[in-house]
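What follows is a short report on a single structure.
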Amino acid sequence: MRTLIKNGTVVTSSNEYVADVLIKDEKIVQIGNNIDGTFDKIVDAKGKYILPGGVDQHVHFSFEFNGAKVRGFESSASAAVGGTTTVIEFVNQVKGKGLVDSIEDYRKANADGIASVDYSFHSVMTDPRPEVFEEIPELAKAGYPTMKLFMAYKGMFFHADDDAILKALMIAKDAGITVMVHAENADAIDVLQKQLVAEGKIEPYSHALSRPPIVEAEATRRAIYLAELAEAPLYVVHVSCKEALDEVSKAFNSGLPIKGETCSHYLVLDESNLAKPNFEGAKYVCSPALRTPEHFDALWNGITRGSLNAVSSDHCGFDWKEQKHMGKDDFRNIPNGAPGLQNRLGVLWTYGVEKGKITRSQLVDIYATTPAKNNGLDYCKGTIEIGYDADIVIYDPNCKSIISNKDSLHGVDYCPYEGMEQIGRVEKVFLRGNMTVDEGKFIGKEGQGKLIKGNPFGLMYKL
Ligand code: DUC
Ligand code: ZN
Ligand code: ZN
């Protein structure tokens with residue numbers, strides 16, 4: 001099967017140029033002007049941008065919070081219509097099981113034959129027994145070269161203390177496994193939460209009060225010190241505020257192999273959303289909490305200066321009506337997380353590129369090219385180059401629309417970006433050469449996604 005995409009503007013992380021792109025079966029085989037020959041399909045992309053399919057390195061299709069479970073891979077067509085062709089899911093280790101087995105068992109039961117886009121996995125260590133630490137290097141051999149630790153959730157089974165973090169960092173580095181941290185001080189949050197509830201402050205807005213920037217900054221700094229002690233690379237997920245970013249930037253600027261990501265919602269949604277009446281605020285309960293608007297520009301600066309090298313969705317599809325209402329009488333019971341997988345590219349284009357915060361090449365870098373590199377997938381994903389998977393988005397910059405949950409395929413009963421303007425639209429998407437979105441509609445098949453394994457040392461050089 002030979003498909004020619006003609007006359008579009010190809011955007012890579014370093015430049016953009018008008019060209020034709022020839023796809024043969026699953027790969028990009030030629031890029032140039034006036035490519036001729038015989039083709040099975042010709043797509044005219046004149047006036048449109050040819051972007052690499054997005055790589056969303058931070059999604060949750062399996063997260064559970066107090067018994068509430070998010071929508072799974074059956075909702076992953078929402079990635080495709082939003083311009084994302086590869087997702088990386090966090091798999092919590094099952095107590096008593098190994099890290100690799102936890103991923104493999106989850107994958108077979110919940111992703112293979114179900115996913116609509118390509119997928120890979122991060123491990124999340126929850127059961128720090130000595131033999132589990134010994135197993136960490138096996139993750140690299142199995143093709144899963146990243147492992148996250150939660151510093152944020154006191155009393156929950158996935159919480160990791162400093163002991164576990166330091167030991168994990170020490171072991172992971174030699175195997176090229178990047179340790180990632182969700183950095184918030186769990187004890188401080190616990191104290192603040194109890195105080196707020198004792199004062200009768202049980203509304204969703206208290207979620208933000210119980211997780212101020214300083215609890216994120218403290219844990220970020222602590223994790224960085226632990227990484228320095230271990231002489232290991234570290235990746236800080238979902239940096240949400242200036243104070244935590246300052247810690248990452250200080251480490252990054254001093255030459256340490258320490259970086260972070262932020263997420264679309266921290267760039268455009270502020271904490272006032274948590275105060276919406278009629279329990280609407282619960283839709284915006286995610287951790288770290290949304291911040292005041294002054295933090296937006298600091299995060300955009302972190303992106304342009306390089307300490308934040310990716311923007312993810314932290315997609316976490318809890319329903320509002322049923323699941324978020326578990327916390328109607330106590331904000332601590334509101335499941336943490338919000339959907340957003342479908343909106344990442346549109347938000348970055350509209351509020352990043354169109355507002356002059358980032359260039360189109362920077363957008364490609366933070367939404368596709370660098371997330372692929374961070375996770376060792378850059379041998380086949382994240383750029384428009386010969387030999388790469390033909391994961392391609394044709395983006396029409398001339399459309400304007402209003403974001404609405406009725407256009408979402410995430411299977412959740414709300415969208416946190418509801419009512420916001422979007423400039424441009426994902427018109428067509430190719431997943432390994434197969435057109436899977438046309439005229440903005442999903443035309444692919446459930447189960448078409450494939451497991452993509454990562455190489456170790458993806459984030460950083462070997463120290
Ligand atoms: N925070 C969220 O908001 N959702 C999923 C997990 C997390 O740490
Ligand atoms: Zn997190
Ligand atoms: Zn997350």
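The values are calculated or read from the model by the stated rules, or taken from the named source; none is laboratory data. Keep in mind the model is a prediction, meaning the values are calculated, not measured. Every residue, glycine as well, gets a Cβ built from its backbone with ideal geometry; the counts of neighbours run over all protein chains shown.
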* Scope the range 47-89; condition among the charged types (D, E, K, R) and within 16 Å of ligand 3 (Cβ to nearest atom); matching residues -> D56, E64, K69, R71, E89
* **The lone exception for S254 - which of (1) without any contact (Cβ under 8 Å) to a residue 12 or more places away in the chain; (2) over 22 Å from R222 (Cα atoms); (3) not β-branched (V, I, T) it fails** => (2)
* **Leading residue by the ranking (surrounded by the most Cβ atoms within 10 Å (Cβ to Cβ)) among those in the range 297-316 that are touching a Leu at 6+ places or on another chain (Cβ under 8 Å) and in contact (Cβ under 8 Å) with a residue 60 or more places away in the chain** => H315
* Counted residues, the range 213-224 - those being closer than 24 Å to D297 by Cα and more than 16 Å from ligand 3 (Cβ to nearest atom) -> 7
* Asked: Given (1) closer than 24 Å to R344 by Cβ; (2) modelled with pLDDT under 95, where does C263 come up short, assuming only one miss?
  -> (2)
* **Number of positions in the range 434-448 that are over 16 Å from Y119 (Cα atoms), touching a strand residue (DSSP E or B) at 6+ places or on another chain (Cβ under 8 Å) and not small (G, A, S)** => 6
* To do: Test S76 against the stated conditions and say whether it is under 30 Å from C399 (Cα atoms), assigned by TED's automatic domain parsing to the domain that holds E261 and of a type in the set (S, T, N, Q).
  => yes
* Residue selected from the range 320-339 under the condition within 16 Å of ligand 2 (Cβ to nearest atom) and part of a loop (DSSP other than H, G, I, E, B), by the criterion surrounded by the fewest Cβ atoms within 10 Å (Cβ to Cβ) -> G337
* Structure fact -> Within the range 29-83, residues within 16 Å of ligand 2 (Cβ to nearest atom), touching a Leu at 6+ places or on another chain (Cβ under 8 Å) and either modelled with pLDDT under 95 or charged (D, E, K, R) (or both) come out as D56
* Asked: In this structure, is E261 under 13 Å from S307 (Cα atoms) and within 14 Å of ligand 2 (Cβ to nearest atom)?
  -> yes
* Asked: Counting only residues that are in contact with a helix residue (DSSP H, G or I) (Cβ under 9 Å, 6 or more places away or on another chain), closer than 19 Å to I303 by Cα and either within 16 Å of ligand 1 (Cβ to nearest atom) or part of a helix (DSSP H, G or I) (or both), how many does the range 225-247 have?
  -> 12
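Residue-by-condition table, conditions (1) over 28 Å from V285 (Cα atoms); (2) crowded, with 23+ Cβ neighbours inside 10 Å; (3) not assigned by TED's automatic domain parsing to the domain that holds E16:
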residue: V393; (1), (2), (3): yes, yes, no
residue: I402; (1), (2), (3): no, no, yes
residue: K406; (1), (2), (3): no, no, yes
residue: H410; (1), (2), (3): no, yes, yes
residue: Y417; (1), (2), (3): no, yes, yes
residue: V429; (1), (2), (3): yes, yes, no
residue: N434; (1), (2), (3): yes, no, no
residue: V437; (1), (2), (3): yes, yes, no
* Residues located in the range 282-312, provided they are assigned to a helix (DSSP H, G or I) and away from ligand 1 (no atom under 14 Å from the Cβ) -> E294, H295, F296, D297, A298, L299, W300, N301, G302, I303, T304, R305
* Within the range 347-360, is even one residue crowded, with 19+ Cβ neighbours inside 10 Å, closer than 22 Å to V70 by Cβ, within 16 Å of ligand 2 (Cβ to nearest atom) and at pLDDT 95 or above? -> no
* Residue tally, condition over 16 Å from the mean Cα position of the chain (by Cα) and either of a type outside the set (D, E, K, R) or in a strand (DSSP E or B) (or both), over the range 55-80 -> 6
* Test A217 against the stated conditions and say whether it is more than 16 Å from ligand 1 (Cβ to nearest atom), of a type in the set (G, A, S) and surrounded by fewer than 24 Cβ atoms within 10 Å (Cβ to Cβ). => yes
* **Boolean, S307 is touching a Lys or Arg at 6+ places or on another chain (Cβ under 8 Å) and either within 16 Å of ligand 3 (Cβ to nearest atom) or on the phi > 0 side of the Ramachandran plot (or both)** => no
* Checklist (1) closer than 22 Å to N336 by Cα; (2) more than 16 Å from ligand 3 (Cβ to nearest atom); (3) charged (D, E, K, R) applied to E261, failing item -> (2)
